[in-house]
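Written out below as structure tokens is the structure these notes cover.
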């Protein structure tokens, strides 16, 4: 139990830290750094406590119940490989936090940076510990979103915005492919549990859908790990702050793809298709990235393409899939994270202290920055694969796997040559990094005078370089045990212990390393001046760039194609848009009814005798609807009144068919929408102007077309209603709700029990959407300025909108004000009776909103706001918090989210009173509905008042001009 709680804390801790950092003041730089560092250090402490059982080969699991009835749980698992990777992420994260504290400017919103960083770390930890492949995809996409925020942190920079958008688009598209692959995998295996999927390799490889799954899976992994041809987004992410680049390129974002490849290699690998796709792509990326890196002039650009190259190396090892290849891949993941994080931090120090990253301007910095130069030289040597450094060992293991015999194909035979060629260019760009920046004559045109950074800014680099040396000299003592635990978690528990030694004698891997170091150094010496004077990229690759293809596709798909479609289908007028939507609904309805009315599914009639009173009522409703359509031609207000009559008949119909909850809700919504339309009438164009604007069709033809569409739509809805009401009396989910509403939910009003108990999570999502809609309407209305000539009422009524509405009201304003306390009592009555009788949080919230709106209609806007203070946004926020807190409260006592509890409570002098936690949730619904409804309608009232004031000012200006 302790281990399970520790795993849950490990997953939640970064997200809680992100919330804490986000609430800090903008200038709380030290506090944000301390919070972030302590959160990540706390995660490392938890991992240390979990190390003992993991090192014994155990897989630690924890399940969080989400929807038990559907067997939907949130499983997390920790094995040797996940423990190794999470430790790497959190360790690099702590160093990045320390480094960022001294790198970021005092003017930057630092708490926001640390909040994004911790959220991104939480997404990575969730991805690495996911025990369900669908949950893995959720965290996978969350890493894309949070990395978008990190890359675009300096949002004032166009390059940062473009780089963040490019990274999000490419990785999100790959994530969609991965989602489809995981869905198909789950169907093949019969479960979405990660352990089940990993153990079903034979079943998956033998399935006909295996090629489809593999292609979609690899697209997801390749886009995330920047493999060719999806590598172009990674250099664009260099516009992010250097701490972000160091974190993303070393231990997180781009490593997620290779983590997935290594994790699923035993399951999806072992086939020729896997070998050619994964190893071929990895080797191509390894070589292309190394070649381009040599020609980059920007320090971070060089390191970005070197990251692409090293990711290709790890991908190629995952494609080979042998035991030695998996061990080498995991080993190089750690080694690359260490020396690449140190190099990015060194590049950030150079940029921070000199003002530039352009290697054509940098020279002779070793004199001014000897400590930083020494650290960068050692880290570059590790990247190049120099002996006695960690990069040399894992590259030797890669060479050994490249030389080894696998399947005898042309790709297998070419592996040693491609590996050697790529390593030659790796040495060349590493030598260029050292020689160009730190040696040669002193630079004369630097924006800043070069000097050593703050000691604490250099401490993370020093620690990382020390690890490069320690692992390179004592690999078995430092990383050997952890590496073996991680490899066993991937390959299997029967994997023999892998000894990592410095010396293996004179063999082909050693010869390949020596050739690479000698030839790579020679290439730089011979072509150094030409490379520095040339463009950023070799000529052939410079002309054919994946980024240009991406930009072309983006231009076509997001600009040109939408404009063509808009030109064909689009219109700026509302009526044609609605007409297209209605026609689409009619087509879908026709297809549905064709199947529902087929002879195979002929329903059993369940009809009752037609009541004359009901027929008369619907005759009135039909007359109101026809009258509304006819009056819309001449007088919109009369059409609105008749439309309200048709809505009232609908409410009575619900009550007639024993649906009082629907009747009450429909009546209240009818009132609110009527007020909404009343407030919006003034903004509509004059009817004669609207008719004159449609010159494509004569008025009679246009009205006839609309009449046909209306008749077809009405007949379709009538047929659909007939099919639903005459379907056979068979058991359905509604019967279950009727039987269990009281015993399971503690209420006799089944509709309300469904909303606040059985389907409370759906309701929570719906009120969240309502809050978003309310804020969106408010934001749009703040920017909207109605035209002075807009008017939906007769021309002589030009006063304030509230005055225009009062002119139409038959009830005096004083009575409408007296109705305010009455409606408050009715609202409370509907709220407290809602669990057993018609009512509830939604209807009571709308009732209170109507009470407030009546005051706006009966009085001047400024008069009412001086007497009743309404803060609708706070109502919405408090409502969401109350509803969410109800769900969290169920969690705290060990039940699934939003589980309700009902019982009878003894109240003095009253007796036993039914009480349920669902009432608290309903209170949240009530508060949010009041806030959202009032926010939208009051915003419209204010805009109308602004429009009236504008007309008054224009009229006064006209009078002055006339005088």
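Just so it is clear, none of the values below were taken in a lab; they were calculated from the coordinates. Bear in mind that the values here come from a model prediction, so they are computed numbers and not experimental data. Cβ atoms come from the backbone with ideal geometry, glycine included; neighbour counts cover every protein chain shown.
Annotations
- Sites residue 617 and residue 719, calculated FRET efficiency, Cβ-Cβ separation with R0 25 Å, nearest 0.05: 0.75
- Three-way shape call for segment 2-537 based on the alpha-carbon gyration tensor, with the a/c threshold at 1.5: oblate
- Rounded, prolate or oblate (a/c below 1.5 giving rounded, otherwise prolate when a/b exceeds b/c) for segment 338-497 by Cα gyration tensor: oblate
- Each principal axis of the Cα cloud of segment 882-923 was taken in turn, and the coordinate range along them, longest first, works out to 34, 21, 10 Å.
- By the beta-carbon count within 10 Å of each Cβ, the least crowded to most crowded order of 661, 445, fewest first, is 445, 661.
- Quick note on segment 166-215: its Rg to Rh ratio, both from C-alpha atoms and Rh being the Kirkwood radius, is 1.06.
- For 192, 417, the sequence from fewest to most other C-beta atoms within 10 Å is 417, 192.
- Anisotropy class of segment 152-272 from Cα gyration tensor, a/c 1.5 cut: prolate
- Judged by the mean number of other Cβ atoms found within 10 Å, the most tightly packed of the peptides 208-215, 260-267, 244-251, 37-44 leads the ranking 244-251, 260-267, 37-44, 208-215.
- Whole-Å distance, taken between Cα centres, linking segment 645-679 and segment 489-512: 76 Å
- Here the residues 350, 850, 920, ranked from fewest to most Cβ neighbours within 10 Å of their Cβ, fall in the order 920, 850, 350.
- Burial ranking of peptide ranges 134-143, 303-312 (average Cβ count within 10 Å, highest at the top): 303-312, 134-143
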